[in-house]
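Below is one structure, written out as structure tokens; the observations come after it.
Derivation of every value follows stated rules applied to the coordinates shown; laboratory data play no part. Note that the structure is a prediction, hence the values are computed from the model and not measured. Because the Cβ atoms are built from the backbone with ideal geometry, glycine has one as well, and the counts that use them run over all protein chains shown.
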């Protein structure tokens, strides 16, 4: 890690002491290793603190910030913590979600060109049930709907932005109104800020666990599910399932590993062109 990491990763946590270790390990295993990880405790338990601090003792990239329970999900704590961020970009991860090993590398590539963007969100609704909601910030109609209040098609774990874009906002992370998801309330601040460049990257790079669908699960069931996904997170078998879920939501999308995608890239190279089929961008006028 350099003295000033390129990326700051922020992970809020409250009550997932039995799951957070998998999320942290999925970040530690990234192919892009030049990052600092800020875990933000929002009234988290002593067990959560102990687990994260154990990671911090063994990995200088990890820091734990212990706050009392804040309003809503402790969004104001996130703003305080970001004042200490050294990264040029900021990425996020839920404390019971998983990043595939190439997630941060792909997000870094995206945010070197754009101010705010996201990788595609892949939800786990049930065992082997992967769901993707279609949408792209490259589509003006879609972008405007999200900006003006419609539910976004991506959440915390896949979002990211340049730190310079965050500093340009009139107001950063702050408590969201009761009827609005905290991450979507934050994303709208970027989408309403003049002059920013937005992008969507349609590429499987993370797994988002839908916690509200598991309120009747035991801790042991949650751990068993996340442990299994963690062990399989970069297997060809799981990636095929994730790519299939994306293809259902994004018609005409081609996975980077597909033969068609390789033929397109090869033909473009011979013609001196550059094709990035999976990246879609939009800059509002």
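Just a few scattered comments:
- D (Stokes-Einstein, µm²/s), Kirkwood Cα radius, the chain, 0.890 mPa s at 25 °C: 127 µm²/s
- Helical runs assigned H by DSSP (4 residues or longer) give the chain a calculated mean residue ellipticity at 222 nm of -10500 deg cm²/dmol, each run adding -39500 (n - 2.57) before division by the residue total.
- The chain, relative contact order in percent, only Cα pairs under 8 angstrom and at least six apart counted: 21 percent
- Placing R0 at 25 angstrom, the Cβ-Cβ distance between residue 224 and residue 181 gives a FRET efficiency of 0.35 after rounding to 0.05.
- Stretch gain in nm, segment residue 237-residue 57, where the contour uses 0.36 nm per residue and the Cα spacing is subtracted: 61.3 nm
- DSSP bridge orientation in the range 7-282 - percent antiparallel, rounded to nearest 5: 40 percent
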